[in-house]
1. What is the residue count in segment 11-38 for residues that are within 13 Å of the chain's Cα centre (by Cα) and free of Cβ contacts under 8 Å to residues at least 60 places away in the same chain?
2. Which residue, of LEU96, LEU150, is of a type outside the set (Gly, Ala, Ser) and touching a strand residue (DSSP E or B) at 6+ places or on another chain (Cβ under 7 Å)?
3. GLU111 - would you say it is surrounded by fewer than 13 Cβ atoms within 10 Å (Cβ to Cβ) and of a type in the set (D, E, K, R)?
4. Out of the residues in segment 117-128 meeting the condition of being in contact (Cβ under 8 Å) with a residue 12 or more places away in the chain and part of a helix (DSSP H, G or I), tell me which one is surrounded by the fewest Cβ atoms within 10 Å (Cβ to Cβ).
5. Looking only at segment 83-108, count every residue that is surrounded by fewer than 15 Cβ atoms within 10 Å (Cβ to Cβ) and not hydrophobic (A, V, I, L, M, F, W, C) and tell me the total.
6. Read through the list (1) under 21 Å from VAL163 (Cα atoms); (2) exposed (fewer than 14 other Cβ atoms within 10 Å of the Cβ); (3) touching a residue at least 24 places away in the same chain (Cβ under 8 Å), then give the number of the only condition that LEU4 fails.
7. Under 6 Å between Cβ atoms, at least 6 apart or on separate chains: pull out the pairs that start in segment 89-108 with a residue that is touching a residue at least 40 places away in the same chain (Cβ under 8 Å) and over 24 Å from ARG69 (Cβ atoms) and end on any residue that is of a type in the set (S, T, N, Q) and part of a strand (DSSP E or B).
Amino acid sequence: MKVLGIAGFSGAGKTTLLERLIPLLCADGVRVSLVKHAHHGFDVDQPGKDSYRHRRAGAGEVLVASDVRWALMHENASAEPPRLQELLARLSPCDLVLAEGWKRDPIPKIEVHRADNEKPWLYPDDGNILAVASDVAPPDEIKWLGLDDLSGIRAFIKQEIGV
């Protein structure tokens, strides 16, 4: 499976871009999965639900399944966060994995940058960034994709990543 990182600082618009881009890729017949990196503790479970109670009781993994979806919650007991490659190995086969927020990993990436965010560009220090999706042109030579040019971003992904 092919992997493409969508990297940028918080508030740049990564999630919004993905939310708008994924349906276009799916409409093209691309089977898309997503791996999201969170820098803080998060919980997909709800207090009071059976699965929450089982996990709080000490179960290392809790898998909840219905006829329309299933979710596996794994408690990371080690001090080391899981590596992207370990998480990718757990995914079902697909054509493209979009990895949101794994900006330090050595994978091909599109940087998402918004001028109002007043954050530095990532691409000068990361040779894995193939292009920048931004509301302003980058100051140096790198492929620039307009942040709202979804068809251009989709075409770039299909050409460069080969999906």
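Every read-out reported here was derived from the displayed coordinates using simple, explicitly stated rules and does not represent laboratory data. In this text the structure is predicted, and so the values were computed from the model without any measurement. Counting neighbours? That spans all protein chains shown, and the Cβs are built from the backbone with ideal geometry, glycine included.
1. 2
2. Of the residues listed, the single one that is of a type outside the set (Gly, Ala, Ser) and touching a strand residue (DSSP E or B) at 6+ places or on another chain (Cβ under 7 Å) is LEU96.
3. For GLU111, the condition - surrounded by fewer than 13 Cβ atoms within 10 Å (Cβ to Cβ) and of a type in the set (D, E, K, R) - is not met.
4. Among them, the one singled out is PRO124.
5. 8
6. (2)
7. Sorted first by the residue in segment 89-108, then by its partner, the list stays empty.
Residues are listed down the side, and each one gets a yes or a no for (1) buried (at least 16 other Cβ atoms within 10 Å of the Cβ); (2) at positive phi; (3) touching a Leu at 6+ places or on another chain (Cβ under 6 Å):
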| residue | (1), (2), (3) |
| --- | --- |
| LEU17 | yes, no, no |
| ALA27 | no, no, no |
| LYS49 | no, no, no |
| ARG55 | yes, no, no |
| GLY58 | no, yes, no |
| VAL68 | no, no, no |
| LEU72 | no, no, yes |
| ALA77 | no, no, no |
